[in-house]
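Read the structure below first, then the notes.
What follows draws every value from the coordinates through simple rules; no lab data is involved. Here the structure is a predicted model, which means the values were calculated and not measured. Cβ sites come from the backbone with ideal geometry, for glycine too, and all protein chains shown count toward neighbours.
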Amino acid sequence: MPNSTASFSGGRLADRVAVITGGAGGMGRAASLLFAREGAKVAILDIQPGAGRETVAEIEAAGGVAIFIETDVTKVAAVTAAVEQVNATFGGIDTLFSHAGTLIVKPLHETTDADYDRLMDINVRTSFNICRAVIPQMVSNGGGSIVITSSIGGEKGFALESVYCMTKGAVLQLARSIAVEYRDAGIRCNAVCPGFVKTAHGLTEIEQLDGLGQKWNDADLAAVQGRICEPEEVANAALFLASKEASFVNGTALYVDNGWYAKG
Ligand SMILES: NC(=O)c1ccc[n+]([C@@H]2O[C@H](COP(=O)([O-])OP(=O)(O)OC[C@H]3O[C@@H](n4cnc5c(N)ncnc54)[C@H](O)[C@@H]3O)[C@@H](O)[C@H]2O)c1
């Protein structure tokens, strides 16, 4: 057995208890590995048990501490139970990366009520559920840090992604509003807003947009953001926001897009 968390005690998240929703895949997985490497005890809440357990095994093999709790974060009862399990295992939660999400690529006029409900549930209700569940203990314990995954589509408009962009705008506003509402309770809340990232989500998005007539080959990606973003690059941005280094950063949207948003 690799021994202990001792070697991580000086990390940027030393002694922290972090919950990561969607922490078994893509950027969430990269953040699970990175946050654990920086000393946090990490609880991964995700619907993919195989990938979740594999991520925990990788963290433990490197000497970190993590648990996987199979949780559909759209469900309040499951979130409540998961938070109780994290508290019983690790103690009070002081760090949250609310990352779980998905997308639907479709013309707005073909989008069904079921599509709308599903995307709102997975992209918005998950953040509402997990933030509402952890904020009371952060308040009682003197504060905490929350990072929510929005997107460049949280503020820019994109064809074929209207409902997706609505959901990402909603969680960006959630992040800003939590920052304002709970600042004096010691809670910081920020959003990461990535461009295209090399994850199952990002690659499916490109394939589906291509299938509907948009072109997102390497040259098109290079024109807007230089190249595709690696999941670790977003995890590093989330780490910064979660860490004490960002102690005066609150309510911000951190674009991880190599200048795409700035270019307009
Ligand atoms: N990849 C991109 O290009 C990109 C760009 C901007 C924003 N995003 C955002 O990133 C998130 C997608 O993550 P990714 O790109 O790392 O891809 P991903 O699909 O690999 O990861 C998403 C993770 O969320 C989990 N998840 C989905 N529904 C869940 C639920 N109900 N409960 C718990 N876990 C659930 C999945 O199992 C998966 O592990 C979304 O919020 C998306 O809006 C992605």
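The table below gives the values:
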read-out	value
Subset of the stretch 41-58 that is free of Cβ contacts under 8 Å to residues at least 60 places away in the same chain and buried (at least 20 other Cβ atoms within 10 Å of the Cβ) - its residue that is nearest to the ligand (Cβ to nearest atom)	Asp46
Filter pass, Thr80 being more than 10 Å from the ligand (Cβ to nearest atom), more than 19 Å from Val17 (Cβ to Cβ), surrounded by fewer than 17 Cβ atoms within 10 Å (Cβ to Cβ) and among the β-branched types (Val, Ile, Thr)	no
Criterion (surrounded by 15 or more Cβ atoms within 10 Å (Cβ to Cβ), more than 19 Å from Ala31 (Cβ to Cβ) and of a type in the set (Lys, Arg)) met by exactly one of Arg132, Arg183, Arg125, Arg188	Arg125
Hits in the stretch 180-203 (condition: farther than 15 Å from Leu241 by Cα and of a type outside the set (Phe, Trp, Tyr))	Val180, Glu181, Asp184, Ala185, Gly195, Val197, Lys198, Thr199, Ala200, His201, Gly202, Leu203
Top-ranked residue of the stretch 165-180 - restricted to ones that are of a type in the set (Gly, Ala, Ser), buried (at least 17 other Cβ atoms within 10 Å of the Cβ) and closer than 17 Å to Gly143 by Cα, ranked as farthest from the chain's Cα centre (by Cα)	Ala179
Number of the condition not met by Tyr261 [criteria: (1) within 16 Å of the ligand (Cβ to nearest atom); (2) without any contact (Cβ under 8 Å) to a residue 40 or more places away in the chain; (3) in contact with a helix residue (DSSP H, G or I) (Cβ under 6 Å, 6 or more places away or on another chain)]	(2)
Top-ranked residue in the stretch 147-157 [being out of contact with any Ser or Thr (no Cβ under 6 Å at 6 or more places or on another chain) and assigned to a strand (DSSP E or B); ranked as nearest to the ligand (Cβ to nearest atom)]	Thr149
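One line per residue, one yes/no per condition, for (1) away from the ligand (no atom under 11 Å from the Cβ); (2) part of a strand (DSSP E or B):
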site	(1), (2)
Ser145	yes, yes
Ala159	yes, no
Cys165	no, no
Val171	no, no
Ile178	yes, no
Glu181	yes, no
Asn190	yes, yes
Ile206	no, no
